[in-house]
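Q: A single structure is presented below for examination.
The values are calculated or read from the model by the stated rules, or taken from the named source; none is laboratory data. Predicted model only: the values in this text are computed from it and were never measured. Neighbour counts run over all protein chains shown; Cβ positions are idealised from the backbone, glycine included. The accessibility values were calculated without ligands, DNA or RNA, using every heavy atom of the protein model including side chains. Shrake-Rupley method; radii C 1.70, N 1.55, O 1.52, S 1.80 Å.
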Amino acid sequence: MSFARSFRLSGTGAPQLATLAVILFANWLVFPEFFDLRMQDGRLFGSLIDVLNRGAPVAILAIGMTLVIATKGVDLSVGAIMAICGAVAATMASDGYSLPVILIAALAVGLVCGLWNGLLVAVLDIQPIIATLILMVTGRGIAQLITEGQIVTFTHQGLIAIAGSSFLGLPMPVVIAVVLGVAAAALVRLTALGLLVESIGVNRTASTYAGVDSRSVLITAYVVSGLCAAVAGIIAASDIRGADANNAGLWLELDAILAVVVGGTSLFGGRFSILLSLVGAMVIQAMNTGILLSGYPPELNLIVKAVVIVVILVVQSPVAGRLTTFFRRR
Amino acid sequence: MSTRKLLLGAVFSCALSFAGAAAAADMTIGFSQIGSESGWRAAETSVSKIEAEKRGIDLKIADAQQKQENQIKAIRSFIAQGVDAIFVAPVVATGWDDVLGEAKDAEIPVVLLDRTIDTKDDSLYLTAVTSDTVHEGAVAGEWLAKEVAGKDCNVVELQGTVGSSPAINRKKGFDEAIASHSNIKLIRSQTGDFTRTKGKEVMESFIKAEGGGKNICAVYAHNDDMQIGAIQAIKEAGLKPGTDILMVSIDAVPDIFKAMADGEANATVELTPNMAGPAFDAVAAFKADGTVPPKWIQTESKLYLPDTAQAEYEARKDLGY
């Protein structure tokens, strides 16, 4: 079970990387300075960096979402968990707690949220889409309670540094996303965890009879998803120096699911790749940034996005795959 | 306790209506508020309470949690209690005819706050107190035209949610105001969904697309939250918001006053949370001598500049924005 296995299992990732390249090329066409980079206050500055930086929260959500989807589940609550954890972090920051305390508290809240989802799915056997819908709906209310309906702002330098500082010129959210992604990929592929997740995704009953502790593995997947959402929520709050319970992470659960699907993970469970989900997140963000740079009227945003997504999914569909092999043989 | 109060209020108001006219000081008014969807909404609720207290009015607020059926229930219970007037901030525009008809039959005047409704029968409500969102955009545009005084100025616009009425109207008003000034050009316009995060992301791309921000002379944002995001994006690009780039937005929330006091924003147009004040006065005049107010009471769209920013911030920060 080597690291290379993760690539073999999910193919080479060629369709995903090609998609990303095509979108970056399209961005360069609509905006020729797309690849220009310069240093600004010790931080790289340019549209490419914006893609990485703005895509980081969705990329982090996609890490946890990949594991959940690989178990044949789905986690609709990640956007709401972002709002809750961001609210906790911002409220504590404005009360003047130290950074480690804030981080531990926000992550602990994310862990509890994930545990709640995991228990509903694994122990009570509620369908994942319903189980996580509960927190998706109530989560924003909980976040509202924490912020008392206001946008809580803070000037806590430690928390601001989470999204505002940089490492080797890269914005910190990018570094966090890459470290978490590689660590999670290593964890699932260098241990048996990945195999167990896949087996549950393919057939939970059979896996259980084969001696897999499917309950614990399922709960772990949702807990990881909750923790990822907490990290994304902390970054989102740090970025705007405040917690906006109504809007933080709004609809990002859908972007995260899309990133996972674009990354080639099957919604029917089983096959998955965390690293390709990160590529999927970058595909989505590259598209968003390209639309913003293009100067098209905003009424077209969603139409352009929808067309591109449809094309990506058609190109990646099994039928298209069979067609290409068919034509290659000729 | 509260039921007893309600009963007392109901008896009291019945007695008063028998007496003929009710002075403002003795009125009981029911207010069906949408919920706490935004900071502005929270401020509207707290300002309504303050304004009621000033006038000695007993204001009963029902929070509808963004649901029309809750508002309808609240209005019916206000009718049953026999309040002197009912205020409604309608969550949607349609579907009010039945319940407002019941209020009309009970001879309880209804005042719409902040939003209006679609109805064929405008006798269903006494008046509507709202702001003119087209005018808000115009005030922002006129300020910018005066500020640049004939110099060339490229403006980027952060729009609200695509298709929402404040976004459409605030764009329209601004466009009309700058139309006669050929020196002011709107070079980019994109939606920031009324949020800080999106405002920041869109501004980042505007800066890259316009030569690192050098081509941008002013930012016009449809709300202050997007502007606060834009201010951060400009600072991170190594420019000075408020000095290198003029910043004008709408709403007048406390945080924009803080930014103005720090010299990072130049102007904001107020969407006043005090919709209830004018409504109380209209109802009091109607009850006292039957003065029928105009069907639409437009609130003032006041322009605020940095000179009063610190004082305005202190005055607003506890209103629940």
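Q: Collect the residues in segment B:47-88 that are open to solvent by less than 30 Å² (accessible area, probe 1.4 Å) and in a helix (DSSP H, G or I), keeping them in residue-number order.
A: B:Val47, B:Ser48, B:Glu51, B:Ala52, B:Gln71, B:Ala74, B:Ile75, B:Phe78
Q: Kindly indicate which of B:Asp251, B:Asp289, B:Asp281 is within 30 Å of B:Ile86 (Cβ to Cβ), touching a Leu at 6+ places or on another chain (Cβ under 7 Å) and not aliphatic (A, V, I, L, M).
A: B:Asp251
Q: While we're looking at this one, here's another question. Hey, among A:Ala183, A:Ala122, A:Ala177, which residue is in a helix (DSSP H, G or I), touching a residue at least 60 places away in the same chain (Cβ under 8 Å), under 30 Å from A:Arg38 (Cα atoms) and not acidic (Asp, Glu)?
A: Only one candidate passes the filter, namely A:Ala177.
Q: Go through (1) open to solvent by less than 10 Å² (accessible area, probe 1.4 Å); (2) out of contact with any Pro (no Cβ under 9 Å at 6 or more places or on another chain) for A:Met172 and report which single condition fails.
A: (1)
Q: Is it true that some residue in segment B:145-154 is part of a strand (DSSP E or B) and closer than 30 Å to B:Ile61 by Cα?
A: no
Q: Being over 18 Å from A:Leu99 (Cα atoms) and touching a helix residue (DSSP H, G or I) at 6+ places or on another chain (Cβ under 9 Å) narrows it down to one residue among A:Gly164, A:Gly211, A:Gly233, A:Gly194; which is it?
A: Only one candidate passes the filter, namely A:Gly194.
Q: Does any residue of segment A:105-126 turn out to be aromatic (Phe, Trp, Tyr), more than 14 Å from chain B (Cβ to nearest Cβ) and farther than 15 Å from A:Ala237 by Cβ?
A: yes
Q: Still on this structure, please answer the following. What residue, among those in segment B:162-196 that are in a loop (DSSP other than H, G, I, E, B) and of a type in the set (Gly, Ala, Ser), is farthest from the other protein chains (Cβ to nearest Cβ)?
A: Among those residues, the one meeting the criterion is B:Ser180.
Q: Out of all the residues in segment B:226-258, which are in contact (Cβ under 8 Å) with a residue 40 or more places away in the chain, part of a helix (DSSP H, G or I) and more than 18 Å from B:Gly160 (Cβ to Cβ)?
A: B:Pro254, B:Phe257, B:Lys258 - these are the residues of segment B:226-258 that are in contact (Cβ under 8 Å) with a residue 40 or more places away in the chain, part of a helix (DSSP H, G or I) and more than 18 Å from B:Gly160 (Cβ to Cβ).
Q: So which residues in segment B:122-156 are in contact with an Asp or Glu (Cβ under 7 Å, 6 or more places away or on another chain) and surrounded by fewer than 21 Cβ atoms within 10 Å (Cβ to Cβ)?
A: Within segment B:122-156, B:Leu124, B:Thr130 qualify.
Q: Has segment A:71-89 got any residue that is without any contact (Cβ under 8 Å) to a residue 24 or more places away in the chain and either buried (at least 18 other Cβ atoms within 10 Å of the Cβ) or in a loop (DSSP other than H, G, I, E, B) (or both)?
A: Within segment A:71-89 (the criterion being without any contact (Cβ under 8 Å) to a residue 24 or more places away in the chain and either buried (at least 18 other Cβ atoms within 10 Å of the Cβ) or in a loop (DSSP other than H, G, I, E, B) (or both)), the answer is no, since none of the residues qualifies.
Q: When you scan segment B:276-290, do you find a residue that is open to solvent by less than 20 Å² (accessible area, probe 1.4 Å) and either among the hydroxyl-bearing types (Ser, Thr, Tyr) or within 13 Å of another protein chain (Cβ to nearest Cβ) (or both), even just one?
A: No.
Q: Small (Gly, Ala, Ser) and out of contact with any His (no Cβ under 8 Å at 6 or more places or on another chain), is that true of A:Ala83?
A: yes
Q: Do you know which of the residues in segment B:197-222 that are away from chain A (no Cβ under 12 Å) and open to solvent by 10 Å² or more (accessible area, probe 1.4 Å) is farthest from B:Glu157 (Cα to Cα)?
A: Across segment B:197-222, the extreme among qualifying residues is B:Lys214.
Q: Looking at segment B:223-241, which of the residues that are open to solvent by 10 Å² or more (accessible area, probe 1.4 Å) and within 11 Å of chain A (Cβ to nearest Cβ) is farthest from A:Met39 (Cα to Cα)?
A: B:Asp225
Q: Something else about it: Return the pair list, or none, for Cβ contacts closer than 8 Å from residues in segment B:302-321 that are under 13 Å from B:Thr268 (Cα atoms) to residues that are among the β-branched types (Val, Ile, Thr), at least 6 apart or on different chains.
A: Final answer for the pair search is B:Lys302/B:Val269; B:Lys302/B:Thr272; B:Leu303/B:Val139; B:Leu303/B:Thr268; B:Leu303/B:Val269; B:Tyr304/B:Thr268; B:Tyr304/B:Val269.
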